[in-house]
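Chemist: One structure is given below, represented as structure tokens, and several questions about it will come after.
Computed from the coordinates by the stated procedures, all read-outs in this text should not be read as laboratory data. This one's a predicted model, so the numbers in the text were calculated from it and none came from an experiment. Here the Cβ positions follow ideal geometry from the backbone for every residue, glycine too, while neighbour counts run over all protein chains shown.
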Amino acid sequence: MDYHHIIEAAGIVLLGLVAYSYARRWLVAVASTDRRWHSVVYGYIAGLAAVALMDARIYVGDGDFIDARSVPIALIGLVEGGWAALVAAIVAVAYRAWLGGAGALAGMIGLLGVAAAAAQAHRWAVRDGGVRIRHSLALATVVVLITFASFALLGSLGLHKLRPVWDDFIVVIFLGIVGMARLFADVAGAQRAEAAREEAAQMRAVTLLARAAAHEINNPLMVVYGALGFVAKVVPTGTKEAEWVGRARENSDRIRDIVTKMNQITQIVAIEPRGALPPMLDIRKSSEVDEPGEEPR
């Protein structure tokens, strides 16, 4: 096995990791971005890495070459989920179809199989609270089996081509997936933790300001509310003045409800800007409490 080629392949995967890290940081900073686009961007980066690895083949001797195209698809699927893996597989499948050849269909099926396996591994990791060594080992094992199956689809000719490079495929797949999974998971985990800290800081600032404003509003509001109650007793009913006092009490009740909600803020939900109005906190939605069993907003 040519170790210069191995270093080249490892460099491509690491370059993909760097691009993924920067993309993740940028997309997390752009809070308004639809999260479905995150998977598209991450998957596209992994797909480009898979395409590069198809070209950066590894010489293993006797005129035989292998490549690590499955590794970035498996890694992004394990860390980010099925949609990212599917996008990565689609990019790689399109390139493999463009290359053509007798093994094109089997290769494309194998890439889609890797994406499906990575999606299942991601669900398992989420249930376990994060990516662990057992998840990457299991995924690498399944990817090895999928690689074998994709060659087997070509019949005896495919198995004949696989036989002299089978051990090399196993080494590359296990080194690539198990060796890099921790790095990819650490990037995702660190940035999730950073985003959670920023969100917690924003939440603290909003609740402190809201409670201070509620306290300052509530004190004079009680005075106004009490005065309106006294005026209502002395103003004759049915008069214009009584109607005005009634409206003033209704709006005082509305202000009191808003003040109550300001003291009950549990999440940050913004109202999208409309016209000349800037984005602002939606006090009603931000103070709603999710029912047990309901998905968080």
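Chemist: Given the Cα-Cα distance of residue 22 and residue 250 and 0.36 nm per residue of separation, how much length would full extension add, in nm?
Modeler: Extending this stretch completely gives an extra 76.8 nm.
Chemist: Okay, next question. What does the highest-first list of 247-253, 231-237, 46-52, 149-155 look like by mean Cβ count within 10 Å?
Modeler: 46-52, 149-155, 247-253, 231-237
Chemist: Please list 3J(HN,Hα) in residue order for the range 220-237, calculated via the Karplus relation 6.51 cos²θ - 1.76 cosθ + 1.60 where θ = phi - 60°; whole Hz, with x for glycine and proline.
Modeler: After applying 6.51 cos²θ - 1.76 cosθ + 1.60, I find x, 5, 4, 5, 4, 5, x, 5, 5, x, 5, 5, 4, 6, 9, 7, x, 5 Hz.
Chemist: Here's something else I'd like to know. Return the calculated 222 nm mean residue ellipticity for the chain, to the nearest 500 deg cm²/dmol, obtained by summing -39500 (n - 2.57) across DSSP H runs with n ≥ 4 and dividing by the residue count.
Modeler: So the calculated ellipticity at 222 nm is -26500 deg cm²/dmol.
Chemist: Would you compute the Debye intensity of the chain from its alpha-carbon atoms alone, equal scatterers and no solvent, and pass along log10 I(q)/I(0) at q = 0.07, 0.10, 0.14, 0.16 Å⁻¹ to two decimals?
Modeler: -0.45, -0.67, -1.01, -1.20
Chemist: Sticking with this structure for a sec: How large is ³J(HN,Hα), in whole Hz, for each residue of the range 48-61 in order, when computed from phi with the Karplus curve 6.51 cos²θ - 1.76 cosθ + 1.60 and θ = phi - 60°, using x for Gly and Pro?
Modeler: Once θ is set to phi - 60°, the couplings for the range 48-61 become 5, 5, 5, 4, 4, 6, 4, 7, 8, 6, 10, 7, 10, x Hz.
Chemist: Same structure again: Sequence-distant or interchain residues sharing an amide H contact under 5 Å with residue 281, placed H: which?
Modeler: Correct list: 271.
Chemist: Run the Debye formula on the Cα coordinates of the range 198-286, all scatterers equal and no solvent, and tell me log10 I(q)/I(0) at q = 0.12, 0.13, 0.19 1/Å.
Modeler: After summing over all Cα pairs, the log10 values are -0.52, -0.58, -0.89.
Chemist: By a straight-distance test (C-alpha under 21 Å), which lysines pair with residue 261 as possible cross-link partners, with residues fewer than eight away in the same chain excluded?
Modeler: 285
Chemist: For a Förster distance of 25 Å, can you work out the FRET efficiency between the beta-carbons of residue 65 and residue 128, rounded to the nearest 0.05?
Modeler: E between residue 65 and residue 128, to the nearest 0.05, is 0.10.
Chemist: Got a sec? Which residues in the range 90-118 would a label at residue 54 touch, if it sits 7 Å along Cα→Cβ and we count backbone N under 13 Å?
Modeler: 90-112
Chemist: I've got another one for you. Starting from the Cα of residue 232, step 7 Å along the direction of its Cβ; do the same at residue 267; then give the gap between the two resulting points in nm.
Modeler: In this crude spin-label approximation the distance works out to 3.5 nm.
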